[in-house]
Amino acid sequence: MIHPHIADALKVPDLVRLTDDLVLLRFESMKVYSALAAVRRLLERGTVRPGQTLIDSSSGIYAYALALACHRYGTRCHIVASTTVDATTRAQLEILGATVEQVAPSRDLELDQKRRVRRVRELLAEHPDWHWMRQYHDDVHCLGYHEVADRIAAAFPGRALTVVGGVGSGASTGGLVDRLRASDPSVRLVGVQPFGSITFGSQDHHDPEAIIAGIGSSIVFDNVRHHLYDTLHWLDFTHAMSGSVALLREHAVFAGLSTGAGYLAATHEARCHPDRLHLVIGADTGHRYVDRVFARHAQALDPAALKPAEVTTPEEMTMPWSTMPWRRAACPPRWKEPAA
């Protein structure tokens with residue numbers, strides 16, 4: 001197949017068998033699927049027009065995905081970038097035609113996210129013709145994953161399936177599982193979170209190393225549909241790093257930090273449910289984690305020696321790794337707040 005644009009080639013994930021009951025859904029950059037489908041739908045609806053500026057904030061892979069989608073469909077792109085966006089990513093964004101501004105450095109995820117949202121609002125007031133993509137709140141970002149779900153269903157007909165992935169904005173895990181359950185309601189969803197994320201109640205736990213950008217949040221995301229999740233895992237940075245290093249060492253897969261966290265969680269889930277096939281979402285490659293993760297591979301823990309604390313409520317969770325059955329419950333009212 002000859003693709004009309006590089007984004008159409010990059011979006012397609014590979015299915016890689018790790019063990020008999022563990023498969024990796026490996027993306028080059030996962031949110032390309034989401035951004036392409038979102039921009040295309042918005043253009044079709046007339047919500048945005050060619051040449052218009054699309055704006056959003058991002059901690060990394062969504063910025064790259066949106067810049068690619070804008071390049072593909074002839075719209076402009078402005079990114080309010082997190083402190084976690086590295087020089088390599090920023091250079092690519094700028095060459096693709098995006099304008100980029102980065103918030104002041106902060107080790108605090110809540111402050112970083114609130115600064116970015118505040119800046120987006122300021123820019124929209126200055127440029128009312130710009131369109132805010134709202135990747136965390138507009139469910140148009142879930143559409144792209146329906147095609148991926150159909151591919152998964154075709155690849156594993158009749159298998160009892162569990163999807164394991166970082167929660168983040170909720171679009172990827174939610175979009176996949178919502179589509180899969182339309183034909184098979186027994187599909188399980190295991191969400192992975194960092195400590196410090198408000199989404200499933202770990203905001204009172206501080207990871208001294210760093211919160212894992214991209215799979216957690218300090219603000220409420222409307223695209224997270226809590227009732228889709230069966231089980232939650234919370235992991236600290238060291239455990240996620242150990243999962244990433246183990247994935248490269250054991251399976252030669254060079255993937256990002258959220259994939260390492262998902263791999264560790266899925267390995268545990270597979271031990272508990274050996275009758276099911278576990279599909280781990282690999283959101284991106286490991287290139288932007290070289291210094292913080294892979295250069296420190298000697299510090300990685302042995303995954304075989306790790307196991308989570310099993311808790312029954314968020315209040316019982318403990319670092320460095322906890323797991324809890326969620327049982328497709330709704331979001332508790334006390335966790336809700338106006339959308340950012």
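Every number here is computed from the coordinates shown, using simple stated rules; none is lab data. Keep in mind that what you see is a predicted model, and the values were worked out from it rather than measured. Cβ sites come from the backbone with ideal geometry, for glycine too, and all protein chains shown count toward neighbours.
Quick one: net charge of Leu68's neighbours, Cβ under 14 Å, K/R +1, D/E -1?
Taking every other residue near Leu68 into account, the sum is 0.
Return the whole-Å distance between the Cα centroid of the stretch 24-42 and the Cα centroid of the stretch 108-150.
If you average the Cα positions of each part, the centres end up 15 Å apart.
Could you tell me the relative contact order of the stretch 32-139? Use alpha-carbon pairs under 8 Å, at least six residues apart, and round to a whole percent.
Relative contact order of the stretch 32-139: 28 percent.
Based on alpha-carbon centroids, what's the gap between the stretch 161-222 and the stretch 260-303 in Å, whole number please?
15 Å
Between Trp132 and Met1, how many nm apart are label points set 7 Å from Cα along the C-beta direction?
Those two pseudo-labels are separated by 3.5 nm.
Can you give me the relative contact order of the chain as a percent, contacts being Cα pairs under 8 Å and 6 or more apart?
18 percent
Please list 3J(HN,Hα) in residue order for the stretch 298-314, calculated via the Karplus relation 6.51 cos²θ - 1.76 cosθ + 1.60 where θ = phi - 60°; whole Hz, with x for glycine and proline.
5, 8, 5, 7, 6, x, 5, 9, 9, 8, x, 6, 9, 10, 10, 9, x
Cα gyration tensor of the stretch 1-146, axes a ≥ b ≥ c as square roots of the eigenvalues: rounded (a/c below 1.5), prolate (a/b > b/c) or oblate?
Here the stretch 1-146 falls in the oblate category.
How do Lys11, Lys31, Lys307 line up, fewest other C-beta atoms within 10 Å first?
The order, fewest Cβ neighbours first, is Lys307, Lys11, Lys31.
Could you line up Tyr73, Tyr62 from fewest to most neighbouring Cβ atoms inside 10 Å?
Tyr73, Tyr62
Would you kindly state how much longer the chain becomes between Thr312 and Ala9 on full extension, computed as 0.36 nm times their sequence separation minus their alpha carbon distance, in nm to one decimal?
104.8 nm
Give me Cys77, Cys331 ranked fewest to most by other Cβ atoms within 10 Å of their Cβ, as a rough exposure proxy.
Placing the least packed residue first, the sequence is Cys331, Cys77.
Taking the Cα centre of the chain as origin, work out the dipole magnitude from +1 charges on Lys and Arg Cβ and -1 charges on Asp and Glu Cβ, in debye rounded to 20.
So the magnitude is around 600 debye.
What FRET efficiency comes out for the pair Arg17/Leu123, r = Cβ-Cβ distance, R0 = 45 Å, nearest 0.05?
0.50
Check Gln102: other-chain or 5+ apart residues with amide H under 5 Å from its amide H, H built from backbone geometry?
Amide H to amide H, under 5 Å and 5 or more residues apart or across chains, Gln102 pairs with Ala81.
Could you give the length gained by full extension between Gln299 and Arg45, i.e. 0.36 nm per residue of separation minus their alpha carbon distance, to one decimal place?
The span from Gln299 to Arg45 would gain 86.4 nm if fully extended.
Report the net charge of residues surrounding Ala304, where surrounding means a beta-carbon distance below 13 angstrom and charges are Lys +1, Arg +1, Asp -1, Glu -1.
So the environment of Ala304 carries a net charge of +1.
Roughly how big is the stretch 32-139's charge dipole about its Cα centre, with Cβ charges of +1 (Lys, Arg) and -1 (Asp, Glu), in debye to the nearest 20?
For this selection, approximately 180 debye.
If we count every other residue with Cβ under 15 angstrom of Arg134's Cβ, Lys/Arg +1 and Asp/Glu -1, where does the sum land?
Around Arg134, the charge tally is +3.
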